[in-house]
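**Q** Dumping the structure here so I can ask a few things about it.
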There are 2 protein chains.
Amino acid sequence: MTPRFYTPLAHHDGDLVALPAEEAAHLTRVLRLEPGDAIRVFNGRGGEFEALVDSLSRAEVRVRVGAACAPAPEPRVAVTLAQAVLKGDKMDDVVRDAVMMGVAAVLPVVTARSEVTLASLARGRRRERWARVAIASAKQCGRATVPPILEPRTFADAAAALSALTLPGPGLMFVEPSAGADAAPLGELAPLPPRETTAVVGPEGGWTREEVERGAAACRLVTLGGRTLRADAMALVALSALFALWREF
Amino acid sequence: MTPRFYTPLAHHDGDLVALPAEEAAHLTRVLRLEPGDAIRVFNGRGGEFEALVDSLSRAEVRVRVGAACAPAPEPRVAVTLAQAVLKGDKMDDVVRDAVMMGVAAVLPVVTARSEVTLASLARGRRRERWARVAIASAKQCGRATVPPILEPRTFADAAAALSALTLPGPGLMFVEPSAGADAAPLGELAPLPPRETTAVVGPEGGWTREEVERGAAACRLVTLGGRTLRADAMALVALSALFALWREF
């Protein structure tokens, strides 16, 4: 398979563009490509092109953009994943999986039981890290679209945005079956896909009762069977199930 | 939540049973429970009971079995996951995820592009390791059933068993969209759930052309959208999508 590289600068056949530093390092140090080698480039906004390595220097790698070509298809439903930030590096895996599945955007959410704050996320430059994970995942899965990592929010803010429809709605909040009578199995959702939605997934310790109440006012509460799913698997299970329901698969 | 322990010996209210060594170590060294503490035990065959820690000694932990209680529900469709053995420890993660999702059994499969042989799996006692992973996952997800890890087979043997219906069929073999005209999207499967099936999932390098042909003779070939899914995520995506299609969720 022709190796793929991300450069937001590629737009037209004939463009001569530099690769971002991380992409240049991948091309030269990992794959050891040379001038004249055939590659593909994608611009993260849906454009994918054949290309040739033009020149390599210590300072930069330039590639000559060629004919447009077809990337992996995007889902018809634009799903924003609002994911409670998980412990350690697990959020990296969720971002990677969500991009592979085809989400339109990822919104990191700080919940009552998250072990982080908005301030600690900013200090740790986590959003920038997740953006790099999203690019790496798009390279692997064949997408030419790199979903944005949105500015992290508290759960209360995210719920308010869902109510105000400044986040795509109606939202779907995934909860344990024990969450109560407001929650319905996924199978009770209409099989007709919406144009867009936000899927809301909780942290390791689950949602608090207050969060479930707040969520119920802003979203539909959805359950996924009777077994306890690991928090770091929940987004992948939820996205797979939604895409099966909506015939994306 | 009351801690749960696995013991195949628990069958009736009133039984006094010993825990297996790993479970005893978890109870004493990790959770530091004492005689009189309330626990739950499950026997791996669907039985779950309230129980009390009876006695602790260096040699063993005994528990007094109490009233039967309800474990997490089992899926109505009995899915055997025939999974190509993945690199490194990734197969551990797939077994853990598959048990959490509710599979009835796991069949490790050696394919043309697997980096293992049946002999190397036996030498490495990998099947025994996966059986321990299955118990650990059942503890976490609330199932009282521990799915068996079947004796590993070559892909050719597994395909022959599917044709002969000595593995549950009709089987569903998950393939890349490029696999050809025999493959159909998951959405074209009948939404009516079968009583049982075998889901066949490939290795990191994908199936060979010969394997796809052999599989097409024994199973339905199924695709999951147009993006390239990581091999270690495929089983979780496939099981989630099937369970959504069949209204297990």
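The values are calculated or read from the model by the stated rules, or taken from the named source; none is laboratory data. Bear in mind that the values here come from a model prediction, so they are computed numbers and not experimental data. As a convention, Cβ positions derive from the backbone with ideal geometry for all residues, glycine included, and neighbour counts pool all protein chains shown. These accessible areas exclude ligands, DNA and RNA; they are computed on the full protein's heavy atoms, side chains included. Shrake-Rupley method; radii C 1.70, N 1.55, O 1.52, S 1.80 Å.
**Q** Could you figure out which of (1) surrounded by 19 or more Cβ atoms within 10 Å (Cβ to Cβ); (2) away from every other protein chain (no Cβ under 14 Å); (3) of a type outside the set (Val, Ile, Thr); (4) farther than 30 Å from A:ASP232 by Cβ isn't true of A:ALA82?
**A** The failed condition is (4).
**Q** Let me ask something else. Which condition number does B:VAL53 fail, the rest of (1) free of Cβ contacts under 8 Å to residues at least 40 places away in the same chain; (2) open to solvent by 10 Å² or more (accessible area, probe 1.4 Å); (3) away from chain A (no Cβ under 14 Å) being met?
**A** With respect to (1) free of Cβ contacts under 8 Å to residues at least 40 places away in the same chain; (2) open to solvent by 10 Å² or more (accessible area, probe 1.4 Å); (3) away from chain A (no Cβ under 14 Å), B:VAL53 is out only on (2).
**Q** So which residues in the stretch B:240-249 are of a type outside the set (A, V, I, L, M, F, W, C) and either touching a Gly at 6+ places or on another chain (Cβ under 9 Å) or free of Cβ contacts under 8 Å to residues at least 40 places away in the same chain (or both), if there are any at all? It would help to see each step written out before you state the result.
**A** Just the residues of the stretch B:240-249 that are of a type outside the set (A, V, I, L, M, F, W, C), to begin with: B:240, B:247-248.
Selection gives B:ARG247, B:GLU248.
**Q** Of all the strands (runs of 3 or more DSSP E) wholly in the stretch A:1-98, which have at least 3 residues that are at pLDDT 95 or above and more than 28 Å from A:PRO152 (Cα to Cα)? Please lay out each step first, then the result.
**A** Details: elements: A:4-6, A:16-18, A:38-42, A:48-56, A:61-68, A:78-84.
In the stretch A:1-98, the matching strands (runs of 3 or more DSSP E) lie at A:16-18, A:38-42, A:48-56, A:61-68.
**Q** What residue, of B:ARG153, B:ARG143, is open to solvent by 60 Å² or more (accessible area, probe 1.4 Å) and either over 24 Å from B:PHE243 (Cα atoms) or in contact (Cβ under 8 Å) with a residue 40 or more places away in the chain (or both)?
**A** After ruling out the rest, the residue left standing is B:ARG153.
**Q** Here's something else I'd like to know. From A:ALA183, A:ALA217, A:ALA161, grab the single residue that is farther than 19 Å from A:ASP232 by Cα, of a type outside the set (Asp, Glu) and out of contact with any Leu (no Cβ under 8 Å at 6 or more places or on another chain). Walk me through it before giving the result.
**A** On the way: A:ALA183 fails: out of contact with any Leu (no Cβ under 8 Å at 6 or more places or on another chain); A:ALA161 fails: out of contact with any Leu (no Cβ under 8 Å at 6 or more places or on another chain).
Exactly one residue qualifies, and that residue is A:ALA217.
**Q** Restricting the search to the stretch A:131-155, which residues are within 14 Å of another protein chain (Cβ to nearest Cβ) and assigned to a loop (DSSP other than H, G, I, E, B)? Quick ask: steps written out before the conclusion?
**A** So in the stretch A:131-155, the residues within 14 Å of another protein chain (Cβ to nearest Cβ) come out as A:133-134, A:136-147.
Matches in the stretch A:131-155: A:GLY142, A:ARG143, A:ALA144, A:VAL146, A:PRO147.
**Q** Would you point out the residue of the stretch B:96-106, among those that are within 14 Å of chain A (Cβ to nearest Cβ) and in contact with a strand residue (DSSP E or B) (Cβ under 6 Å, 6 or more places away or on another chain), that is surrounded by the most Cβ atoms within 10 Å (Cβ to Cβ)?
**A** The initial filter retains those residues of the stretch B:96-106 that are within 14 Å of chain A (Cβ to nearest Cβ), namely B:96-104.
From what is left, the residues that are in contact with a strand residue (DSSP E or B) (Cβ under 6 Å, 6 or more places away or on another chain) are B:98, B:103-104.
Details: B:ALA98: 27, B:VAL103: 24, B:ALA104: 19.
If we take residues in the stretch B:96-106 being within 14 Å of chain A (Cβ to nearest Cβ) and in contact with a strand residue (DSSP E or B) (Cβ under 6 Å, 6 or more places away or on another chain), then B:ALA98 is surrounded by the most Cβ atoms within 10 Å (Cβ to Cβ).
**Q** When the residues of the stretch A:57-79 are narrowed to those that are without any contact (Cβ under 8 Å) to a residue 60 or more places away in the chain and touching a Leu at 6+ places or on another chain (Cβ under 8 Å), which ends up surrounded by the fewest Cβ atoms within 10 Å (Cβ to Cβ)?
**A** First pass over the stretch A:57-79, keeping only residues without any contact (Cβ under 8 Å) to a residue 60 or more places away in the chain: A:57-70, A:73.
Now restrict to residues that are touching a Leu at 6+ places or on another chain (Cβ under 8 Å): A:60-66.
Details: A:GLU60: 13, A:VAL61: 24, A:ARG62: 17, A:VAL63: 30, A:ARG64: 20, A:VAL65: 24, A:GLY66: 18.
If we take residues in the stretch A:57-79 being without any contact (Cβ under 8 Å) to a residue 60 or more places away in the chain and touching a Leu at 6+ places or on another chain (Cβ under 8 Å), then A:GLU60 is surrounded by the fewest Cβ atoms within 10 Å (Cβ to Cβ).
**Q** Could I ask something else about it? Can you give me the number of residues within the stretch B:156-188 that are within 14 Å of another protein chain (Cβ to nearest Cβ) and either open to solvent by less than 30 Å² (accessible area, probe 1.4 Å) or not in a helix (DSSP H, G or I) (or both)?
**A** Step one: filter the stretch B:156-188 for residues within 14 Å of another protein chain (Cβ to nearest Cβ), giving B:172, B:174-178, B:183-188.
Add one more test, that the residue is either open to solvent by less than 30 Å² (accessible area, probe 1.4 Å) or not in a helix (DSSP H, G or I) (or both), and what stays is B:172, B:174-176, B:183-187.
Final tally of qualifying residues: 9.
**Q** Then there's this: Suppose the filter is without any contact (Cβ under 8 Å) to a residue 40 or more places away in the chain and either charged (D, E, K, R) or within 18 Å of B:ASP93 (Cβ to Cβ) (or both); does B:LEU165 pass it? Let's see the steps before the verdict.
**A** Details: without any contact (Cβ under 8 Å) to a residue 40 or more places away in the chain: yes; either charged (D, E, K, R) or within 18 Å of B:ASP93 (Cβ to Cβ) (or both): no.
So B:LEU165 does not fit the description; no.
**Q** Within the stretch A:189-239, can you find the residues that are without any contact (Cβ under 8 Å) to a residue 12 or more places away in the chain, more than 9 Å from chain B (Cβ to nearest Cβ) and assigned to a helix (DSSP H, G or I)?
**A** Within the stretch A:189-239, A:ARG209, A:GLU213 qualify.
**Q** Return a yes/no flag: does the stretch B:107-130 have any residue that is part of a helix (DSSP H, G or I), under 22 Å from B:PHE249 (Cα atoms) and either in contact with a Leu (Cβ under 9 Å, 6 or more places away or on another chain) or open to solvent by less than 10 Å² (accessible area, probe 1.4 Å) (or both).
**A** Pass one, the stretch B:107-130, residues part of a helix (DSSP H, G or I): B:118-123, B:126-130.
Add one more test, that the residue is under 22 Å from B:PHE249 (Cα atoms), and what stays is none.
No, every residue in the stretch B:107-130 fails to be part of a helix (DSSP H, G or I), under 22 Å from B:PHE249 (Cα atoms) and either in contact with a Leu (Cβ under 9 Å, 6 or more places away or on another chain) or open to solvent by less than 10 Å² (accessible area, probe 1.4 Å) (or both).
**Q** Quick check on B:LEU19: is it touching a helix residue (DSSP H, G or I) at 6+ places or on another chain (Cβ under 7 Å), in contact (Cβ under 8 Å) with a residue 12 or more places away in the chain and among the hydrophobic types (A, V, I, L, M, F, W, C)?
**A** Details: touching a helix residue (DSSP H, G or I) at 6+ places or on another chain (Cβ under 7 Å): yes; in contact (Cβ under 8 Å) with a residue 12 or more places away in the chain: yes; among the hydrophobic types (A, V, I, L, M, F, W, C): yes.
The answer is yes for B:LEU19.
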